1. Just name the residue that is farthest from R24 (Cα to Cα) out of those in region 51-70 that are touching a residue at least 24 places away in the same chain (Cβ under 8 Å) and part of a strand (DSSP E or B).
2. Just checking, which of V43, V87 is surrounded by 12 or more Cβ atoms within 10 Å (Cβ to Cβ), assigned to a helix (DSSP H, G or I) and without any contact (Cβ under 8 Å) to a residue 12 or more places away in the chain?
3. Counting only residues that are among the hydroxyl-bearing types (S, T, Y) and in a loop (DSSP other than H, G, I, E, B), how many does region 24-40 have?
Amino acid sequence: MGKIKIKTAKQMERHLKGVANHYRIEILLLIAERDGITLEDIVKTLEANEKTIGEHTRRLYQAGLLNKKYRGKFVEHTLSPYGKTFVNFLKSFQRNTTSLQT
């Protein structure tokens, strides 16, 4: 049986910094809903600047939270396994925060 890999504090910091922006959180949640979404569709959906969203997807990719697949001139975005874990965390955090406000 294989060993379970435990993340170091430094590795966890990299992932946390990767989501430390409201656009990045929105992008992760959007990709979770629309697997394979292109940069152009992310920009349209979030009604944001293409350069801004491009930079945020780059940071999410560098943090190991996104995968990119090049299809001609388009880039499809999917969640990495760590990205899926973070989306689950974000959704549970959203639910818990909402229940605390009532």
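1. Narrowing region 51-70 to residues touching a residue at least 24 places away in the same chain (Cβ under 8 Å): 52-53, 56-57, 59-60, 62-66, 69.
Narrowing further to those that are part of a strand (DSSP E or B): 66, 69.
Working: L66: 11, K69: 18 Å.
It comes out as K69.
2. Details: V87 fails: without any contact (Cβ under 8 Å) to a residue 12 or more places away in the chain.
Just a single option satisfies the conditions, and that option is V43.
3. First pass over region 24-40, keeping only residues among the hydroxyl-bearing types (S, T, Y): 38.
Now narrow it down to the ones that are in a loop (DSSP other than H, G, I, E, B): none.
The number of residues fulfilling the criteria is 0.
Values in this text are rule-based calculations from the coordinates and carry no lab data. Just so it is clear, the structure is predicted and the values come from calculations on it, not from any experiment. Because the Cβ atoms are built from the backbone with ideal geometry, glycine has one as well, and the counts that use them run over all protein chains shown.
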